[in-house]
Amino acid sequence: MNLLYATLGLIGLYIYVSFASLLWEGLDRKLVARMQRRIGPPLLQPFYDFLKLVSKESIIPRHAGRMFELAPVFALAVSIALLAYTPFGFAPLFNTRGDVIVFIYLLTLIAFIRVLGAVNSGSPYAQIGAQREIIILVSREVPMMLGLFAILWRLSKLGVSKPFSLGTFYEHNIWEIGTPLTFMGAVILLFVFLAWLASEIEVGYFNIPEAEEEIAEGPMAEYSGRHLALFKLSNALKEFISASLVVAIFFPWGISGVLGLTGAGAVVADLLFHTLKVYAVLFVSMSVFRAITGRLRITQAVQVFWLRMLPAAVIGVLLILIDLMEVIA
Amino acid sequence: MNSRIEYWVKIPIGPIHPALEEPEKFIITLDGERIINVDVKLGYNLRGLEWIAMRRNYIQLMYLAERICGICSFSHNHTYTRAVEEMAGIEVPERAEYIRVIVGELERIHSHLLNLGVIGHAIGYDTVLHLSWLARERVMDILEAIGGNRVNYAMNTIGGVRRDIEEKHRRAILDMIAYYKNEIMPKIEEIFLYDPTVEARLRDAGVIPKRIAIEYSAQGPTARGSGVKKDVRYNERLGVYPDLGVKPVTPKEFTGVIKGDVFDRMVVRVGELWQSMELIERAFDQMPGGKIKAFAKDNLILPKLKKADGEGIGRYEAPRGEVIHYVRANPGKDIPSKWKAREPTFPNLFAVARALVGEQLADVPVAIASIDPCLSCTDRVAVVDARTGKRGILTEKDLLRASIEKTREINPEVSARPEVVGVSCPRGDLL
């Protein structure tokens with residue numbers, strides 16, 4: 001019975017998050033257009049795009065492999081599975097001890113599936129896009145994982161029911177420790193996470209794998225019609241999910257307690273409030289970032305992660321660690 | 001070497017590609033992200049202009065020359081009229097020369113603003129594109145007010161200009177210059193001289209050393225960005241430009257170093273925006289009154305040109321570099337026996353193709369955009385053998401070989417050894 005409710009909840013979440021994430025795409029395009037003194041597309045343009053793409057025929061290149069057609073389906077399936085492990089203002093649906101590993105695994109898997117589809121498309125642009133995707137993937141995950149595990153480990157010391165699960169953030173958060181060193185460490189890690197988020201959704205500096213002017217959308221070069229629609233949807237879901245992680249770590253507060261709601265009302269209120277927070281984080285990390293920066297070279301982007309973000313994450317983690325060990329009073 | 005060949009990938013940039021504004025083709029051999037070889041193929045935008053020109057008279061040719069290219073419409077028109085004027089020995093009134101300077105510099109402002117935006121787009125910095133093109137609207141409006149059109153303003157005529165610049169135009173232009181100087185130029189300088197993203201992407205990308213720039217005869221901002229002090233307005237003492245104190249702009253005056261990369265080319269363009277505005281202001285101060293045409297009536301032009309004999313060469317510094325038009329008279333007829341244009345993109349394209357070898361794939365769009373290529377200017381040569389009816393398009397390889405042979409013939413002591421880049425266009429055989 002419990003499983004049935006969880007499954008129904010997952011379907012509900014899938015419908016809601018698809019809607020919210022596509023709506024964000026429209027908002028983002030409109031906001032960036034305004035920053036660039038343009039009028040921009042209608043707010044619902046991503047929905048129109050999606051519906052139109054679904055109804056169009058999909059052109060399969062002659063040299064494409066089997067994975068070319070399967071990759072979009074897998075990518076969307078993994079995105080939906082990921083919804084069950086994502087905190088949306090409340091603990092994830094399938095919240096267990098150590099589910100953070102599943103979360104990171106699934107999030108990385110989406111990128112791998114994109115790469116598989118691109119390599120199988122037989123297009124040289126897609127090949128280069130796939131190379132770039134993998135290079136940036138291995139650079140960006142290290143500082144993110146370091147920060148995430150350090151924060152979860154620190155919170156588990158406060159006594160939580162399921163250590164190393166993403167539900168932890170709704171029992172304790174990093175700010176309530178309150179000491180200056182932890183606070184500084186958390187602020188540094190917040191910056192690392194915002195940079196990670198920008199590279200996860202490939203905007204601004206990190207719009208390298210899909211660089212339109214260089215390799216014509218890279219991994220997406222050969223996709224069209226239904227397959228492209230599925231990729232678009234799974235990308236939108238991934239954006240929302242990645243931002244949800246940042247929101248859950250750093251801004252986990254709910255609104256239901258303030259409003260005095262309980263039961264289903266609390267869940268809905270928290271979900272809506274969480275959506276607003278996700279939009280705010282995406283506004284900083286996506287809209288503003290992509291309006292005020294251009295694309296780096298792949299070597300420069302790798303240097304940003306290994307020479308800037310990784311040391312920053314190490315310093316943030318060390319600050320939290322030093323605070324816990326009470327070496328400095 | 002052989003063991004690495006299997007990792008090489010050939011990717012085509014063009015003829016249709018998001019990075020290119022016009023059809024051209026670069027076949028790029030890549031080792032990972034590093035460029036091993038660049039192969040340029042031209043001829044996708046051939047419209048047979050010289051063939052069309054064979055049945056147009058001198059006046060009609062002026063409008064054909066204007067339509068060679070959408071951006072430097074004034075430059076081609078201006079250069080063509082200069083060539084015809086030299087051929088027929090027509091004296092242009094001084095006021096007309098000043099008006100030509102003003103319109104030419106307005107065109108340079110709009111072309112450079114366009115290219116700055118395109119560079120922003122090439123590095124994915126779309127805000128630069130949208131805002132600089134928004135700023136460009138102002139100068140387009142001015143050009144429309146003067147010439148009646150945003151693009152083809154048809155200002156020139158043989159022996160002068162067709163429209164005078166009146167007091168209301170002068171006020172509007174000075175307003176525009178004040179607007180650019182106070183509001184736009186500080187922002188442009190902030191982006192192209194100091195912005196970290198722009199510096200990270202443009203510095204050391206597509207480096208054309210001075211030696212390569214000279215050997216490949218790079219033109220305009222591409223040459224000046226590499227430190228070659230080459231500007232027809234200055235070197236050839238063109239028209240009234242010496243009175244206005246024109247000097248070639250090099251990046252040394254702004255950043256203190258000359259590297260010959262994309263950044264330097266953009267610095268030259270920013271410097272030339274300042275220079276153009278100052279030239280327009282000075283031209284207004286010095287502009288004398290009087291006639292604007294050498295001929296009182298336009299129908300006197302053709303009879304005069306019918307009597308002309310000889311040839312004329314017009315040179316002008318278009319926004320992208322030096323344009324040369326060559327006209328040979330056909331005595332007794334109102335159609336020239338030969339009209340030929342050489343535009344700056346042709347030498348620049350091979351200089352930049354050479355510069356790309358050894359750099360990253362990410363630099364390709366920005367390096368190509370940095371010479372502001374104009375392919376509709378470049379693709380003009382088709383050769384038809386009248387006896388056999390066989391057609392072929394002469395492309396870079398043939399033309400380069402022919403020009404190298406000609407140079408050797410004229411001056412056997414020339415020391416430069418340009419390489420032949422690329423192969424001829426496959427479409428030549430298909431036609």
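What follows draws every value from the coordinates through simple rules; no lab data is involved. Everything quoted here is computed from the prediction, not taken from an experiment. Every residue, glycine as well, gets a Cβ built from its backbone with ideal geometry; the counts of neighbours run over all protein chains shown.
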TODO: Arrange B:D285, B:D141, A:D99, A:D49 by Cβ neighbour counts within 10 Å, fewest through most, would you?
DONE: B:D285, B:D141, A:D49, A:D99
Task: Ranking of A:M184, A:M286, A:M325, B:M140 by count of other Cβ atoms within 10 Å, fewest first - done: A:M325, A:M184, B:M140, A:M286
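Of the GluC sites (Glu not before Pro) in the range A:221-329, which ones lie in a loop per DSSP and count no more than 14 other C-beta atoms within 10 Å? Present the calculation step by step, with values, prior to reporting the outcome.
Numbers: sites: A:E222, A:E239, A:E326; in loops: A:E222, A:E326.
Answer in residue order: A:E326.
Work out, step by step, the length gained on full extension between A:I255 and A:I39: first 0.36 nm times the residue separation, then minus their alpha carbon distance; give nm to one decimal.
Values: separation 216, 0.36 × 216 = 77.76 nm, distance 3.40 nm.
Roughly 74.4 nm would be gained on extension.
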TODO: Apply the membrane-span-like helix rule to chain B: whole DSSP H runs, Cα extent along the own long axis of at least 15 Å, mean Kyte-Doolittle hydropathy at least -1.0. List the helices found.
DONE: B:73-88, B:94-122, B:126-147, B:167-179, B:262-286, B:345-356, B:396-410
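In percent, what relative contact order does chain A have, based on Cα pairs under 8 Å that are 6 or more apart in sequence? Could the numbers behind the result be given before it?
Working: 484 pairs, mean separation 88.4, N = 329.
Across chain A, relative contact order equals 27 percent.
Rounded to the nearest 0.05, what FRET efficiency do B:K210 and B:K187 have when you use their Cβ-Cβ distance and R0 = 35 Å?
Numbers: r = 31 Å, r/R0 = 0.88.
With R0 = 35 Å, the Cβ-Cβ based efficiency is 0.70.
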Task: Helix axis angle, A:310-325 relative to chain A longest principal axis, alpha carbon, degrees - done: 20 degrees
Task: Size-normalised alpha-carbon gyration radius of chain B, reference 2.2 N^0.38 Å - done: 0.99
- [ ] Once you've got the GNM for chain A with C-alpha springs shorter than 10 Å, pick whichever of A:G122, A:G265, A:G40 has the biggest mean-square fluctuation.
- [x] A:G265
Task: chain A, helix-only ellipticity at 222 nm - DSSP H runs n ≥ 4, -39,500 (n - 2.57), divided by all residues, nearest 500 - done: -22000 deg cm²/dmol
- [ ] Enumerate the amide H contacts of B:N156 below 5 Å, restricted to partners 5 or more residues apart or on another chain; note that Pro and chain-start residues carry no placed amide H.
- [x] B:R162
Task: Note, ³J(HN,Hα) from phi for the range B:310-316, Karplus 6.51, -1.76, 1.60, rounded to Hz, x at Gly and Pro - done: x, 9, x, 10, x, 10, 7
TODO: Give me a single rounded figure for B:11-17: the average over its residues of other chain Cβ atoms within 10 Å of their Cβ.
DONE: 3
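Do the sum for chain B: with -39,500 (n - 2.57) for every DSSP H run of n ≥ 4, divided by all residues, what is the mean residue ellipticity at 222 nm, to the nearest 500 deg cm²/dmol? Intermediate results must be reported in sequence, preceding the final value.
Numbers: 20 runs with 205 residues, N = 431.
Here the helix-only value at 222 nm equals -14000 deg cm²/dmol.
Determine the shielding of peptide A:203-216 by partner chains: average, over its residues, the number of Cβ atoms on other chains within 10 angstrom of each Cβ.
5
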Task: the range A:294-308 - phi-based ³J(HN,Hα) in whole Hz, Karplus 6.51/-1.76/1.60, Gly and Pro as x - done: x, 8, 8, 6, 5, 5, 5, 5, 5, 5, 4, 6, 7, 9, 10
Open item on the list: Rounded to whole Å, give me the distance from the Cα center of the range B:97-117 to that of the range B:222-285.
Closed with: 13 Å
- [ ] Quote the convex hull volume per residue of the protein assembly as shown, based on C-alpha atoms, as a whole number of Å³.
- [x] 208 Å³
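To the nearest 0.05, how large is the calculated FRET efficiency for A:Q300 and B:E91 if R₀ is 60 Å and r is the Cβ-Cβ distance? Don't jump to the answer; show the numbers that get you there.
Numbers: r = 57 Å, r/R0 = 0.95.
About 0.55, to the nearest 0.05.
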Open item on the list: Given an 8 Å cut-off on Cα distances and at least 6 residues of separation, report the relative contact order of chain B as a percent.
Closed with: 24 percent
Task: For B:T81, A:T108, A:T86, A:T299, order by how many other beta-carbon atoms lie within 10 Å, fewest first - done: A:T299, A:T108, A:T86, B:T81
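Take the cross-link list B:K247/B:K297; A:K162/A:K232; A:K52/A:K238 and give me the ones stretching past 26 Å between alpha-carbons.
Numbers: B:K247/B:K297 36 Å; A:K162/A:K232 34 Å; A:K52/A:K238 21 Å.
Where the Cα-Cα span goes over 26 Å, the pairs concerned are B:K247/B:K297; A:K162/A:K232.
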